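Take a look at the structure below.
The values are calculated or read from the model by the stated rules, or taken from the named source; none is laboratory data. What you see is a predicted model; the values in this text were computed from it and never measured. Because the Cβ atoms are built from the backbone with ideal geometry, glycine has one as well, and the counts that use them run over all protein chains shown. The area values use the complete protein model at the heavy-atom level, side chains included, leaving out ligands, DNA and RNA. Shrake-Rupley method; radii C 1.70, N 1.55, O 1.52, S 1.80 Å.
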Amino acid sequence: AIYRPAGAEVVLAAAPAGSVQPSGYAVALSQTPSETPPEQINAPDGKLTLTAPGDGVWYVNVRPKLADGSWGMVHTMPVWVDTSPPKVLGVSPQGPALTSNDPIEIRVSDGTGVGVDPGSIKVKVGDEEYGVTVPGVSYEPDREAILVQPHLLGHVFSGAGKLRLALVALAYRNGHALSQPTSWSFDVGPAVDRDPPPPPVLAVGDTPLIR
């Protein structure tokens, strides 16, 4: 398959194999593989620019017209068209309050399956900008989520405060980039110890009697 990152135009350049010299080509763009184009030459020299009506997988179906006037077999090339920029779906936790050791998850959309380029990710925590090369910022492709852990980035609060977070850059592997930054604000309190206490032990000297 061929990716078309720049837009919906698909540029075709067909050439004969071996000694066969077609008099031209019939070309059609379809969502059905191996669909037979109409028996009409629309690419005399094998070159043609087609426009896909929408994103997704399309098939360029090419059929040569041979020198004796007969039509050859249909040749098909899949093309994956993607013209949509990345989208931010949301952030969790949903509420505005969190503690400084709570992770923040930014959910993004990779609906076309091209894939997010992790190296393109830039988040801003407070006034500092970070990428996935530092501990505290990571991308989880299976969940399509960016995980930000402020306390690993040095943003720890001893009392109540505000945490400003922004996703400033994100791009797919084909180059489509986030159209504009998305930002959030959280009320933050000091880190809370959520680990339960150990069960009590009754002992005489060094010998435990009851657990």
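Please report the accessible area of Glu140 (heavy atoms, 1.4 Å probe, ligands and nucleic acids excluded) in Å², nearest 10. About 60 Å², rounded to the nearest 10. In this label model, Glu128 and Ser19 are separated by 7.2 nm, measuring between points 7 Å along each Cα→Cβ vector. For the pair Val156 and Ser84, label points projected 7 Å from Cα toward Cβ lie 4.2 nm apart.
Solvent-accessible area of Leu89, all protein chains in place: 110 Å² (probe radius 1.4 Å, heavy atoms, ligands and nucleic acids excluded).
For the pair Ser34 and Thr99, label points projected 7 Å from Cα toward Cβ lie 6.2 nm apart. Let's test the formula: R0 of 35 Å, r as the Cβ-Cβ distance of Glu9 and Ser70. What FRET efficiency results, to the nearest 0.05? The value I calculate is 0.65.
Using the beta-carbon distance between Asp110 and Lys47 and R0 = 25 Å, what value does 1/(1 + (r/R0)^6) give for FRET efficiency, to the nearest 0.05?
Calculated transfer efficiency: 0.15.
Multiplying the residue separation of Ser183 and Ser138 by 0.36 nm and subtracting their alpha-carbon distance yields 14.4 nm. The heavy atoms of Val11 offer some 100 square angstrom of accessible surface to a 1.4 angstrom probe. For the stretch 2-66, the Cβ-based charge dipole about the Cα centre amounts to some 140 debye (Lys, Arg positive; Asp, Glu negative; other atoms uncharged).
Would you list Arg173, Arg107, Arg164 from the most to the least accessible area, probe 1.4 Å?
Order by accessible area, largest first: Arg173, Arg164, Arg107.
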